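Asks: Below is one structure. I have some questions about it.
A short reminder: the numbers here are calculations on the coordinates, not readings from a lab. Keep in mind that this is a model prediction, so the values were computed, not measured. All Cβ positions, glycine included, derive from the backbone under ideal geometry; neighbour counts span all protein chains shown.
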Amino acid sequence: MDKLTKEELIFLVKELMNPTLDDEKVSEYLDLLEKNVPYPAPSDLIFWSNEDYTAEQVVKIALNYKDE
């Protein structure tokens with residue numbers, strides 16, 4: 001499977017931020033997101049962050065992550 005584009009990742013994150021998204025889709029979209037970014041737990045940026053990130057900010061942070 002090809003890597004998702006930045007725009008596709010932003011779409012996924014926006015969908016994940018939708019409180020009416022059903023659990024099956026949440027799981028599917030989180031799996032896709034995790035497979036396409038180096039950030040170890042991108043769901044933390046969406047659901048557990050103290051910051052109120054936009055979808056674009058989540059994707060930027062997740063894509064620019066470097067394991068040190």
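Asks: Could the peptides 44-50, 9-15 be put in order, highest first, of the mean number of other beta-carbon atoms found within 10 Å of their residues?
Replies: Put in order of decreasing packing, that is 9-15, 44-50.
Asks: OK, next. Rounded, prolate or oblate, given the Cα gyration tensor of the chain, with a/c below 1.5 counting as rounded?
Replies: Taking the square roots of the gyration eigenvalues as a ≥ b ≥ c, the chain is oblate.
Asks: Under a point-charge model restricted to the Cβ atoms of Lys and Arg (+1) and Asp and Glu (-1), what is the dipole moment magnitude of the chain relative to its Cα centre, in debye to the nearest 20?
Replies: The dipole magnitude comes to about 240 debye.
Asks: Among Phe11, Leu30, Tyr65, whose Cα projects farthest towards the positive end of the dipole of the chain, with charges put on the beta-carbon of Lys, Arg (+1) and Asp, Glu (-1)?
Replies: With unit charges placed on the Cβ atoms, the residue in question is Tyr65.
Asks: Just tell me, in residue order, which DSSP H segments of the chain are both 27 angstrom or longer along the helix axis (alpha-carbon based) and at least -1.0 in mean Kyte-Doolittle hydropathy.
Replies: TM-like helix candidates: nothing returned.
Asks: Students often forget the sequence filter, so: which aspartates and glutamates lie under 12 Å Cα-Cα from Lys25 once same-chain residues fewer than 8 apart are removed?
Replies: Result set, ordered by chain and number: Glu15.
Asks: Can you return the lysines within cross-link range of Lys66? Criterion is Cα-Cα under 25 Å, with same-chain partners fewer than 8 residues away left out.
Replies: Lys3, Lys6, Lys14, Lys35
Asks: Okay, next question. Sticking with the crude label model, points 7 Å out along Cα→Cβ, report the distance from Glu24 to Asn50 in nm, one decimal please.
Replies: 3.9
Asks: From the phi of every residue in segment 44-54, what ³J(HN,Hα) in whole Hz does the Karplus formula 6.51 cos²θ - 1.76 cosθ + 1.60 yield, where θ is phi - 60° and glycine or proline is x?
Replies: With the stated coefficients, segment 44-54 comes to 4, 5, 8, 9, 10, 6, 6, 8, 9, 6, 7 Hz.
Asks: Hey, what did the chain get for relative contact order, percent, Cα under 8 Å, at least 6 apart?
Replies: Working: 48 pairs, mean separation 25.6, N = 68.
Once divided by the residue count of the chain, the mean separation gives 38 percent.
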